[in-house]
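The values are calculated or read from the model by the stated rules, or taken from the named source; none is laboratory data. Fair warning: this is a prediction, and the values are worked out from it, not measured in the lab. Positions of Cβ are generated from backbone atoms using ideal geometry, with glycine treated the same way; all protein chains shown enter the neighbour counts.
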Amino acid sequence: MAPRAIWKGTLRIGEVNCAIALYTAASTAERVAFHTINRATGNRVRREFVDSETGKPVASDEQVKGYELSAGDHVILDPKEIAAAIPESDKVLSVSAFVKSSDIDDIYFDKPYYLAPADRPSQEAFALIREGLEKKGVAAIAQAVLFRRMRSVLVRAHGRGLIGTTLNFDYEVRSAAEAFRDIPDTPIEGEMLDLAKHIIETKRGEFDVSSFDDRYELALADLVKSKLEGRKISPPPKVKQDKVVDLLAALRESAKLSEPKPKSARGKTAAPKKTTTPKRKSA
């Protein structure tokens with residue numbers, strides 16, 4: 001079944017307009033999901049909002065938003081007041097600048113979406129924008145009201161289409177300096193640094209997302225299957241946590257383990273050759 005667009009609008013670069021459709025690029029729909037069940041009856045449990053003081057249920061039409069000024073003191077906002085404050089979407093993703101993707105710290109990346117032409121007449125303009133971005137090696141910074149919020153979007157070429165990644169605002173990203181302020185300045189040099197670089201070099205590889213396993217999801221799926229089949233459920237083995245006592249010794253051991261093993265002509269690990277001490281000839 002063809003994917004369903006979650007937003008449609010116009011990508012605008014200067015006087016060039018292109019009708020686009022936006023599709024979800026990352027989804028959690030395939031994850032194992034559970035319902036909360038009443039153990040006694042087997043029925044699903046539903047959530048209910050209750051008054052924090054009286055404990056009585058509060059109907060949905062009696063629920064409003066409140067901004068806390070101090071403990072127990074709130075500014076009450078009616079749903080209509082909130083709706084009026086939300087900027088109205090004009091369905092235009094307007095490009096304001098072109099930048100190198102590497103110029104943007106990926107800590108500002110929020111969520112990716114696929115962008116495709118929304119109709120046949122837009123295909124030529126879409127292809128022009130995509131090719132221009134790809135040939136120049138840049139991405140476009142655009143703004144639009146998406147999902148009831150003003151958002152900045154990084155638009156870049158990807159295959160035959162475009163990827164639009166919503167960006168976090170500056171106030172949403174916490175200071176790295178605050179997170180790292182207690183880390184001491186520890187100089188690393190000599191053999192330790194050489195060994196670390198050697199291990200990194202021998203472990204160099206290519207990014208292949210298909211090789212990543214979500215062990216938690218796999219374990220949950222196996223748990224559900226075991227329950228259905230009536231199999232005995234065994235707890236997973238505990239992972240032994242080794243304490244690093246001598247960092248240099250640990251690096252030396254890691255360097256030995258990371259060395260490529262010799263292989264025979266058939267591609268199998270070559271067995272060590274037996275050596276014999278030659279007998280000395282009598283004079």
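A few comments on the model shown:
- Long-range neighbours under 8 Å by Cβ, at least six apart or interchain, first residue among the polar types (S, T, N, Q) within segment 192-220, second surrounded by fewer than 10 Cβ atoms within 10 Å (Cβ to Cβ): 202/260
- Summed over segment 74-102, the residues that are at pLDDT 90 or above, surrounded by fewer than 10 Cβ atoms within 10 Å (Cβ to Cβ) and of a type outside the set (Val, Ile, Thr) give a count of 1.
- Only one of the numbered conditions (1) closer than 30 Å to residue 10 by Cβ; (2) touching a Pro at 6+ places or on another chain (Cβ under 7 Å) is not met by residue 27, and that is (2).
- Flag for residue 113 being at pLDDT 95 or above, surrounded by 15 or more Cβ atoms within 10 Å (Cβ to Cβ) and of a type in the set (Phe, Trp, Tyr): yes
- Residue within segment 69-90 that is over 18 Å from residue 168 (Cβ atoms), assigned to a helix (DSSP H, G or I) and among the basic types (Lys, Arg) present: yes
- Residues that are touching a residue at least 12 places away in the same chain (Cβ under 8 Å) and out of contact with any Lys or Arg (no Cβ under 9 Å at 6 or more places or on another chain) were ranked within segment 25-64; the one that is nearest to residue 89 (Cα to Cα) is 64.
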